[in-house]
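A short write-up of the structure that comes next.
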Amino acid sequence: MKKKIFAASLTLVAVVALSAFGNTFRENVLVRFSGAIGADPVSNVTVNGTVTTVTPNVVRGVNPPGQIWRIADLNAVVTTDGRIRAHGRGVLLGGGNGIGTNANQSVFATLFCGPAATAVSSSTNEAGLALDPDGDFTIDDVLSPMPPATCGTPVLLIRTAAGTHPWFAAGIEN
């Protein structure tokens, strides 16, 4: 009987402690993302007679990759102290000869706060971390510089560490 009471008490203490931590964590959330959109390098194509104009899919001044990328899922939380925890699944090429592979890419995250023309950006380490063979990744880092205290019109881009750092996926704000 004493063991059952002790176990029940221990469980209650754990639940209360986790609830308190969870509430504190929720109070400190700056922005949350659930789900994502993979990158399509082309935003628009117009044909005027014999002239074809292709507009690249630039987001917040960040160029798209040269090929279509897909992402199966993304969950990310940024707290007011600049910490970001993001877990992505299935960041893979959606076309070309390397279709279905991670193309040996490493990724990092950039958060933009504010309207497009005046957005402030903060990033994790641009050296990035390697994608798993199935395109999964987990980022647990601190954004630099520190994001603003409020983040209106947030955009979270998952970017490649290679070259000029084009974007592969964009988080969906939750």
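List of remarks:
- With a Förster radius of 25 Å applied to the C-beta separation of residue 172 and residue 47, the computed FRET efficiency comes to 0.20.
- In terms of packing, defined here as the mean over residues of other Cβ atoms within 10 angstrom, the peptides 132-145, 158-171 line up highest first as 158-171, 132-145.
- Counted by Cβ distance under 15 Å from residue 138, the other residues give a net charge of -3, where Lys and Arg count +1 and Asp and Glu count -1.
- Counted by Cβ distance under 15 Å from residue 90, the other residues give a net charge of -2, where Lys and Arg count +1 and Asp and Glu count -1.
- Virtual spin-label span in nm between residue 164 and residue 83, 7 Å along Cα→Cβ: 3.6
- Kirkwood hydrodynamic radius over Cα pairs of the range 30-173, then Stokes diffusion coefficient at 25 °C and 0.890 mPa s, in µm²/s: 159
Throughout, read-outs are computed from the coordinates displayed, never taken from laboratory work. Keep in mind the model is a prediction, meaning the values are calculated, not measured. Please note: Cβ atoms are built from the backbone with ideal geometry, for glycine as well, and neighbour counts cover all protein chains shown.
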